[in-house]
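See below for the structure under consideration.
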Amino acid sequence: MNILILGSGGREHSLAWAVKQNPKCDRLIVAPGNAGIAQIAECAAIDILDGDVVATFAEENAIDFVIIGPEAPLAAGVADRLREAGLKVFGPSKAAAQLEASKAFTKAICDAANAPTAAYARFTSAAPAKDYIREQGAPIVVKADGLAAGKGVIVAMNEQDALDAIDDMFGGEFGEAGAEVVIEEFMDGEEASYFLLVDGENVLPIGTAQDHKRVGDGDTGPNTGGMGAYSPAPVLSDEVAAKALNEIVIPTMKAMKDQGMPYQGVLYAGLMIKDGQPRLVEYNCRFGDPECQVLMMRLGGQALDLMLACSEGRLNDVQAQWADDHALTVVMASNGYPGTYQKGTVIKGLGDLPETSSEYCFHAGTAEKDGAIVATGGRVLNVTARGATLAEARARAYAMVEQIDWAEGFYRSDIGWRAL
Ligand code: AMP
Ligand code: GLY
């Protein structure tokens, strides 16, 4: 089977790594890929936001199955275009991807499904939004409706910050994404991510994880795309996960189907858990990054079988086989991230790292230059390990981090603290 993965981050490197382990995979191409991915797959520099380009490329390369990694091509309708061309695709339609692309859409679906989530109101102009904030008081959460690269959410601990966020959003700080604003009740509790495959009809849980969004140790400093993750997340116990499945995920997936937008692909449910009760924070229509890296390390080659079953509407026939193990990933980022950072700094020591089914360094933002690996992004490496316990996985991951020689990079030294 010839497989094409779209994307260029650590998430896609881990997807490629898992897919390659499955004997069904004959040829693997990742577009556009990165320097780490290039060590295990062919890379192709094509515009993955253009459905026509991807469809033509897939036909020319006799691709049997396309896995779409990031949200941008999904929101641009690339999955729809590929399905029209008769290709087998893992990833939701443009209509179903609104679950991530529009916060107001997701709130409306939760209403239709009666799924527990924060109380909210929607606004298209500043004055009534500010009245609402003054009426509700702080803490309160202000969200740009559309995709804003993870930056469109302001958790305001005082009223003034919330009012300022309204001015920023309607002042155009997030462009089109901020033309509509959702204001939400602040939810207290512990956050965790729940990953499920959905084939339009059936829902199959494939794992839990916890991310570390703040840049600094002890969950301090600004928000990032995620500085590390581990799986499983103890807060998502079997009981809490069953509640999330039955009260949130299954009813919303049924509402999507009833409204003519059956969901097909991986569903990432961001949950807030308090006193054993989960509530939905957000849906994403893709794997989390870096959560995918720990899920793939735990699933290995069966990930391909599960994604194929998902795209063929066969999820009722398959099960995820979980070992009783733990995985943890440490993100190494360029100094200055999530603010401005230098590009092109040289990373040494990668060649000596172990590469086993329990230890692997996935690349997020790297390129090869004159035979050296250089950093090209904010988040650059995802040093990932698996173990019988979380403590063992963590010790292995940090031992690898120590081997990496990169003066212009940094990492959090406390990944996994909440569970340990
Ligand atoms: P989102 O982009 O919706 O995931 O929001 C980003 C982050 O903001 C989440 O991961 C939460 O930490 C926080 N957040 C979002 N909505 C709420 C809420 N209603 N209450 C508390 N925190 C929230
Ligand atoms: N790590 C958070 C995300 O992928 O959205």
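Bear in mind these aren't lab numbers, they're just calculated from the coordinates by the rules spelled out. Please read these numbers as outputs of a predicted model, since none were measured by experiment. Here the Cβ positions follow ideal geometry from the backbone for every residue, glycine too, while neighbour counts run over all protein chains shown.
A few points about this structure:
- On the principal axes of its alpha-carbon atoms, the chain has extents of 59, 48, 41 Å, going from largest to smallest.
- For the residue pairs Lys94/Lys257; Lys107/Lys257; Lys130/Lys213, the alpha carbons lie more than 19 Å apart in Lys130/Lys213.
- In this calculation the C-beta distance from Asn2 to Ser125 is compared with R0 = 56 Å, giving a FRET efficiency of 0.65.
- Whole-angstrom gap from region 136-200 to region 76-107, using each part's C-alpha centre: 22 Å
- Formal net charge of residues neighbouring Pro32 (Cβ-Cβ distance under 15 Å; K, R +1; D, E -1): -4
- Each Cα pair under 8 Å and six or more residues apart adds its separation to the average, and for region 308-420 the resulting relative contact order is 35 percent.
- Added length on full extension, which subtracts the Cα-Cα distance from 0.36 nm per residue, Asn316 to Glu60: 88.9 nm
- Antiparallel %, DSSP beta bridges [both residues in region 21-169], to 5: 45 percent
- Using a Förster distance of 30 Å, the FRET efficiency for Glu355-Ala85 (Cβ separation, nearest 0.05): 0.25
- One chain, two ends: Lys274 and Thr389. Fully extended at 0.36 nm per residue, the span grows by 38.9 nm beyond their Cα-Cα distance.
- Net +/- balance of residues flanking Cys361 in space, Cβ distance below 11 Å, scoring K and R +1, D and E -1: -3
- What the Cβ-Cβ distance of Asp405 and Thr340 gives, at R0 = 22 Å and to the nearest 0.05, is a FRET efficiency of 0.40.
- Candidates Ala79, Ala113, Ala138, ranked by Gaussian network fluctuation over the chain, Cα under 10 Å, top entry: Ala138
- Sequence-separation-based contact order of the chain, relative, with Cα cut under 8 Å and 6+ spacing, percent: 17 percent
- Taking a Cβ cut-off of under 15 Å around Asp145, the surrounding Lys, Arg, Asp and Glu residues balance to a net charge of -3, with basic ones at +1 and acidic ones at -1.
- Neighbour-count order for Leu204, Leu295, fewest beta carbons within 10 angstrom listed first: Leu204, Leu295
- Sorted from longest to shortest, the spans of the Cα atoms of region 1-126 along the three principal axes equal 49, 28, 27 Å.
- Estimated purely from DSSP H runs of n ≥ 4, each contributing -39500 (n - 2.57), the mean residue ellipticity at 222 nm for the chain is -8000 deg cm²/dmol once divided by its residues.
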